[in-house]
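Visitor: Please find one structure pasted underneath; my questions will follow.
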Amino acid sequence: MSQPILQTLADALSVGGLYALTALGIGLIFGIMRLINFAHGELIAIAGYTLLALFGMPPAAAIVAAAAAAMLLALVTERLAFRPLRGADPATLLIASFAVSFFLQKTLILFVGARPKGIDFLPLLGRQVDALGVRLRSLEIVAIAVSAILLAALSWFLKATRFGLEMRAAAEDFTMARVLGVRANRVIATAFAISGLLAATVSCLVVAETGVVQPRMGLQLTIIAFVGTVIGGLGSLAGAALGGFLVGAATILLQALLPPDLRAFREAFLFLAVTLVLVLRPRGLIPARGLRERI
Amino acid sequence: MLPGRFRRLAPLAALLAIVAAFGLLAGLTPAVTARRATEALIDLVAVVGLYIFVGNSGVLSFGNVAFMAVGAYVSALLTMRPAAKSVFLPDLPEWIAGAEWPPLPSALAAGGAAALLALVAGWPLMRLSGISASIATFAILVITYVVLGNWTAVTGGQNSLMGLPIYVGLWTALAWAAVAILVAFAYQESRSGLLLRASREDEAAAEAAGVHTVRHRLIAFVISGFLSGIAGVLLAHFLGTVRVETFYLDLTFLIVAMLVIGGMRSLTGAVAGALVIAVLKELLRQAEIGVTIDGTVVAAPAGLGDAVLALLMLAIILFRPKGIAGGRELFGGSVEARVVADGEVDPLRR
Amino acid sequence: MSERERALLAVSGLIVRYGRIAAVRGVDLEIRAGEIVSIVGPNGAGKTSLLSAIFGVIPSAGGDVRFAGDRLAGVALEALVGKGIAFVPEGRRIFASLTVAENLALGATVRRDNGQVHADRERLFATFPILAARRRQPAGLLSGGEQQQLAIARALLSRPKLLMLDEPSLGLAPAIIDQVYGLLRGIRAEGVTILLVEQNAERAFALSDRAYVMRGGEFVLNGAPKALSADPRFDAAYFGIGMSGASP
């Protein structure tokens, strides 16, 4: 295969992986609470700014700190903003999520300013590597590997552990899980913590890729990953990951396949696709096998 | 007591009076404040436009700013002098490039274009329920933003269009605010409005009684689109420029926040939200500019205003979800509609 | 008063509202340990609302619920199974995407005695051989009757003192209902108290020690099943014929 095609494929895989992780973070919370966490973008941002703040420290330490920051922020938003609203109707949750997202974003801007800042994070990953007879940036290989490992780990956690079992049950039928004794608060807190971890991972990869940190860095990812969650089927974790992956890969493939004058309309096509899915297949491509109404 | 018919108009009269008072007071202030008040009235038109759909159908729409954008751009294209158009938009088709319409026909045409978009986009979407519908309206926003931002030949793409006739001052804005309130009131008292509100309360019952929820949602959406388009027109001819960036997430957040804080379920809420937030924004803006004390400027950090607004919205959702107006109309009590047999609507007033 | 103290479950004056509609209008109920009590009534009488409110799945607008003397108001939903109440809601509500074994395992969520749980689980598999055969299959693939067995087995794994079931026979073939009811008799023999809500009065009566007839949000009759069937007011109470006042 030729270099450009392989390059595009590698791009599609790595970007797809990022969106899969983001979509999973959103889908995990939606599955359990019927809440679309718009603030996920701010989790990505806070992780990025933590990396910036700790620049100069060993990367491993910075990464751990970024993960801690994102997970902490996730838990705080859950405790303060979303727990009081548990059981509220979906419309209220939607608005609340919107408000939380904007509040965090504006507060972040208040503290760090709206301008993007450059950061040279993990510069070694920018090096080119020969793999399978093709030159790829090691960053992309790392991104693909990290996404795959994280997805596998999460999958194992959900399938093989007691806690994962409780989370899957809660995601399918929250009330029934509680009737059986599953502790709502623990399950929800865990979901938020995991989503924080996923956000931080994505953030580190994005910062390494772009070299830039700005308050809105998570916005694009969240919106498009969210599209993926919807397409994959809200409430289905596998669907979220797959939908996110497909949408992420689609952004790259559309870029490569669309005629030049249509390329800028990529996102319009994506959202058109979402609307079609909503109208034609409201349960998404891989609907969760739950008995309850999804939306 | 006033006879029933006049009593029903009491909320309308009250709101018009309040808005008129707001405008008149602003007219007495220096030009700078008057400008802010004009902006507030334009926001009011936008919020009322959003309310017509959200308040009556119960479905949150994130797409109204797209209608504002369409209104702004269409009016810009119709009113810009051909000379200006040839500078900014050299690739325009002949029939638009040469057009130069007066303000009112342009505004109406622009509102109509926005309404048309609402009709076309809304048709397949109105049968979606709750969250799906909201997500779909968000899609309308993004698609419109991307299309307008990249259709360089017609809109100038990411660049601003400048040189629009600036005809929107305090009185024009006030007049249109009054029109918006009138239209909103007329709709919510109309049969379609009442039926829609009845279905908001209990969709299953309404459907069973033969109410065509989808049709009425679409009607509300189109009217909402028209007024939002007008709001966009007003904004364009207030600023004198149009930029696609203006009509995206920040503006969406602002008008949704105004509606939520004021109260989504009543026209009074929409008006209250717009005016209260406008005043609040002004105060916060002053705080950010600061006061000079003994030569030093004491000011709030830039961006505080936005953060406070978001916090307020969150606080309202947590502690007073029905907003300032609490779902009630001024002097009107809350109007609930109940579907009785055969789709007849029985408005209960408490 | 002492009657009430001896009751395992005591409900007094329970009210449930949806908006302005009262689904349950002040209901008194008590169950003593070891009984099988059923609540029968037509569709829409408020039976499910009553059961859901007793368990706390939906909020109540007034009244008192006591289990073994303790008030249940304010107790979190997930704490109830730890107190010894298991609830099998209407429609079974098993987790379709989880396997039979996983569903069952969730029944033991509050138990700490792993060894005993294992033993209990094996016993349940012996009692419900169908479940044993399908233990690794997704529960969504089970038939209605099998799902009902799974829901009951899952509830039993928590070793409840009181088992509440909402319309266990709904949507099941008569032969399967026989099986399920047979199971319930066996469960009572092991010392579990049962509260049953059913539309099918005949079936419920055959199983129960006592029954309440519910209509329009209130109990209109109660007593031993034989007495109730013989009571001339029963038809009117159940079907609303010739009764003035509340409609369903």
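Visitor: With label points built 7 Å along Cα→Cβ from the Cα atoms of C:L141 and A:L276, find their separation and express it in nm.
Guide: 3.3 nm
Visitor: Does region A:10-56 come out rounded, prolate or oblate, given a ≥ b ≥ c as the square roots of the eigenvalues of its C-alpha gyration tensor, rounded meaning a/c under 1.5 and, failing that, prolate meaning a/b above b/c? Each step should come with its number before you reach the end.
Guide: Details: a/c = 3.61, a/b = 1.26, b/c = 2.86.
Oblate is the answer for region A:10-56, as a/c is 1.5 or above yet b/c matches or exceeds a/b.
Visitor: Also, quick follow-up: Tell me which of B:A26, B:L218, B:A10 sits at the most positive position along the dipole axis of chain B, charges placed on C-beta atoms (Lys, Arg +1; Asp, Glu -1).
Guide: Of B:A26, B:L218, B:A10, it is B:A10.
Visitor: Once phi is turned into θ = phi - 60°, what whole-Hz ³J(HN,Hα) does the Karplus curve with 6.51, -1.76 and 1.60 give for every residue of region C:201-213, x standing for Gly and Pro?
Guide: Calculated HN-Hα couplings, in order: 4, 4, 4, 4, 4, 4, 8, 8, 7, 9, 9, 10, 9 Hz.
Visitor: Where is the GNM fluctuation largest for chain B (alpha-carbon springs, 10 angstrom cutoff): B:N64, B:N150, B:N56?
Guide: Among B:N64, B:N150, B:N56, the largest GNM mean-square fluctuation belongs to B:N150.
Visitor: Of the listed peptides B:7-15, B:239-247, B:66-74, what is their order by residue-averaged count of other C-beta atoms within 10 Å, with the highest listed first?
Guide: Values: B:7-15: 18.0, B:239-247: 20.0, B:66-74: 30.9.
The peptides rank, most packed first, as B:66-74, B:239-247, B:7-15.
Visitor: Taking H placed 1.01 Å from N in the peptide plane, check which residues at least 5 places from C:R17 or on another chain put their amide H under 5 Å from its amide H.
Guide: The answer is C:A23, C:A61.
Visitor: 5 Å is the cut-off here: which amide hydrogens, built 1.01 Å from N in the peptide plane, fall below it relative to A:A39, excluding neighbours closer than 5 in sequence?
Guide: Those qualifying (amide H under 5 Å, at least 5 residues apart or on another chain) are A:S101.
Visitor: Once you've got the GNM for chain C with C-alpha springs shorter than 10 Å, pick whichever of C:L51, C:L221, C:L165 has the biggest mean-square fluctuation.
Guide: Highest fluctuation of the listed residues: C:L221.
Visitor: Within chain B, which DSSP H helices have Cα atoms that stretch 24 Å or more along the helix axis and a mean Kyte-Doolittle hydropathy of at least 0.5?
Guide: Values: long enough: B:4-27 (35 Å, 1.39); B:31-57 (39 Å, 1.09); B:103-125 (33 Å, 1.47); B:130-150 (31 Å, 1.80); B:170-189 (28 Å, 1.45); B:213-239 (38 Å, 1.48); B:267-289 (33 Å, 1.27).
Passing helices, by number: B:4-27, B:31-57, B:103-125, B:130-150, B:170-189, B:213-239, B:267-289.
Visitor: Still on this structure, I have one more. For chain C, find the longest principal axis of its Cα atoms and tell me its angle to the long axis of helix C:114-127, 0 to 90°, nearest 10.
Guide: For helix C:114-127, the angle is close to 70 degrees.
Visitor: Right, something else. Taking the mean number of other Cβ atoms within 10 Å as a proxy for protection, how do you rank A:171-180, C:29-38 from highest to lowest? Intermediate results must be reported in sequence, preceding the final value.
Guide: Working: A:171-180: 23.9, C:29-38: 18.9.
Most protected by this proxy first, the peptides run A:171-180, C:29-38.
Visitor: Highest GNM mean-square fluctuation, chain C, Cα pairs closer than 10 Å: which of C:G84, C:G74, C:G26?
Guide: Ranking C:G84, C:G74, C:G26 by mean-square fluctuation puts C:G74 first.
Visitor: Moving to a separate point now. Summarise the partner chain shielding of B:311-318 as one whole number: the mean count of Cβ atoms from other chains within 10 Å of each residue's Cβ. Please list the in-between numbers first.
Guide: Numbers: counts 6, 2, 7, 9, 2, 3, 12, 8.
The shielding value for this peptide is 6.
Visitor: Next question, about the same structure. Placing +1 at every Lys and Arg Cβ and -1 at every Asp and Glu Cβ, with all other atoms neutral, what dipole size does the protein assembly as shown have around its Cα centre, in debye to the nearest 20? Display every interim value, and only then the final one.
Guide: Values: 76 positive and 59 negative charges, 213 e Å.
Charge dipole, the protein assembly as shown, about its Cα centre: 1020 debye, nearest 20.
Visitor: Near A:K117, which lysines are there with a Cα under 19 Å away, not counting those fewer than 8 places off in the same chain?
Guide: Result set, ordered by chain and number: A:K106.
Visitor: If I take the Cα coordinates of region A:173-226 and project them onto the principal axes, what are the three extents in Å, biggest first?
Guide: 48, 18, 15
Visitor: Quick one: dipole size for chain C, taken about the Cα centre, charges +1 on Lys/Arg Cβ and -1 on Asp/Glu Cβ, in debye to the nearest 20.
Guide: Details: 29 positive and 24 negative charges, 86 e Å.
Dipole about the Cα centre, nearest 20: 420 debye.
Visitor: Next question, about the same structure. Counting only residues 5 or more places away or on other chains, whose amide H sits under 5 Å from the amide H of A:R137 once H atoms are built in the peptide plane?
Guide: Residues meeting the amide H criterion: A:V129.
Visitor: Using +1 at the Cβ of each Lys and Arg and -1 at the Cβ of each Asp and Glu in the protein assembly as shown, identify which of B:L104, A:G239, A:A45 lies farthest towards the dipole's positive end.
Guide: Value: A:G239.
Visitor: Sticking with this one: Taking chain A as the reference, fit the longest principal axis to its C-alpha atoms, fit the long axis of helix A:59-77 to the helix C-alpha atoms, and give the angle between the two in degrees, 0 to 90, nearest 10.
Guide: 30 degrees
Visitor: Which of C:H118, B:H237 comes first, and how do the rest follow, when ranked by fewest Cβ neighbours within 10 Å?
Guide: Values: C:H118 11, B:H237 26.
The most exposed by this proxy come first: C:H118, B:H237.
Visitor: If we sort A:38-44, A:119-125, B:185-191, C:208-214 on the protection proxy, mean other Cβ atoms within 10 Å, highest first, what's the order? Numbers along the way, then the final one.
Guide: Working: A:38-44: 29.0, A:119-125: 15.6, B:185-191: 17.4, C:208-214: 22.4.
So the peptides A:38-44, A:119-125, B:185-191, C:208-214, ranked by packing, come out A:38-44, C:208-214, B:185-191, A:119-125.
Visitor: What FRET efficiency comes out for the pair B:S86/B:R35, r = Cβ-Cβ distance, R0 = 45 Å, nearest 0.05?
Guide: Working: r = 30 Å, r/R0 = 0.68.
With a Förster radius of 45 Å, E is 0.90.
Visitor: To the nearest 10 degrees, how steeply does helix C:144-156 sit against the main Cα axis of chain C, on a 0 to 90 scale?
Guide: In chain C, helix C:144-156 runs at an angle near 90 degrees to the longest axis.
Visitor: To continue, here is another question. Quick check on the protein assembly as shown: take the gyration tensor over C-alpha atoms, sort the square-rooted eigenvalues as a ≥ b ≥ c, and tell me if it's rounded (a/c under 1.5), prolate or oblate. If you can, show how the numbers build up before the last one.
Guide: Numbers: a/c = 2.19, a/b = 1.40, b/c = 1.57.
Note, shape of the protein assembly as shown comes out oblate.
Visitor: Would you work out which of A:A62, C:G182, B:V120 lies farthest towards the positive end of the dipole of the protein assembly as shown, given +1 charges on the beta-carbon of Lys and Arg and -1 on that of Asp and Glu, about the Cα centre?
Guide: Highest projection toward the positive end goes to C:G182.
Visitor: Peptide B:69-76: average number of partner chain Cβ atoms within 10 Å per residue? Show your work: numbers first, answer last.
Guide: Numbers: counts 0, 0, 0, 0, 0, 0, 0, 0.
Taking the mean over all residues of the peptide, I get 0.
Visitor: To the nearest 20 Debye, how big is the dipole of region B:1-152 about its Cα centre, given +1 on the beta carbon of each Lys and Arg and -1 on that of each Asp and Glu?
Guide: Numbers: 8 positive and 5 negative charges, 115 e Å.
Rounded to the nearest 20 debye, it is 560 debye.
Visitor: Count, for each residue of B:319-327, the Cβ atoms from other chains sitting within 10 Å of its Cβ, then give me the mean as a whole number.
Guide: Numbers: counts 1, 0, 6, 0, 0, 0, 0, 0, 0.
Counting Cβ atoms of other protein chains within 10 Å of each residue's Cβ and averaging gives 1.
Visitor: Something else: Give me B:M80, B:M126 ranked fewest to most by other Cβ atoms within 10 Å of their Cβ, as a rough exposure proxy. Working shown, then result.
Guide: Values: B:M80 27, B:M126 21.
Neighbour counts put them in this order, fewest first: B:M126, B:M80.
Every read-out reported here was derived from the displayed coordinates using simple, explicitly stated rules and does not represent laboratory data. Since the structure is predicted, the reported quantities are computational estimates derived from the model, not experimental observations. Methodologically, a virtual Cβ is constructed for each residue, glycine included, from the backbone with ideal geometry; neighbour enumeration extends over all protein chains shown.
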